[in-house]
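Derivation of every value follows stated rules applied to the coordinates shown; laboratory data play no part. Predicted model only: the values in this text are computed from it and were never measured. Note that we place each Cβ from the backbone using ideal geometry, even for glycine, and neighbour counts take in every protein chain shown.
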């Protein structure tokens, strides 16, 4: 079951869902449109190592836009800061984004109950495409949770991505033990 527009508004009133900035025009019948933030990043090295801290370099999207290229991997960020305290948030691409050949996440479209922060986007494209800051990039949908949550994401000691800033955040896989 996915929350409807009225239920999303009710949950925002209760404080269990927070979206900043919030624009009423971005609320669909069962989703909320999010926008590409002004910052992108790319990994500093071509070869990444899952056991090491792979660093990234940030840059801003200029007013005239930025051309994303195939066979390159970009990290982006949503312009919106979100909090979800009682539901499971899913971030999916918009159909208009997909029709431009833009994928906004490789595998990480699901958030956890208690996630607070801007969403890092894992962006790849099928052909060169110019993107702009504040363009619609995805949509959040919310699922109710069946059962009580023992520990919310923002309360976990090992929550590697909690309180993400409005800048893309690199993989924290290196913090895992394996």
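The value of relative contact order for the range 72-139, using C-alpha pairs under 8 Å at least six residues apart, is 47 percent. For the chain, the mean residue ellipticity at 222 nm estimated from helices alone is -2000 deg cm²/dmol, where every DSSP H run of n ≥ 4 contributes -39500 (n - 2.57) and the total is divided by all residues, rounded to the nearest 500. Sorting 177, 97 by the number of Cβ atoms found within 10 Å of their own Cβ, with the fewest placed first, yields 177, 97. Return a whole-number percent for the relative contact order of the range 49-178, with Cα pairs under 8 Å and 6 or more residues apart as the contact set. Relative contact order comes out at 38 percent. Averaging the Cα positions of each part gives two centres, and for the range 122-178 and the range 44-113 these lie 8 Å apart.
Per residue, the average separation of C-alpha pairs within less than 8 Å and at least 6 apart gives the range 79-118 a relative contact order of 65 percent.
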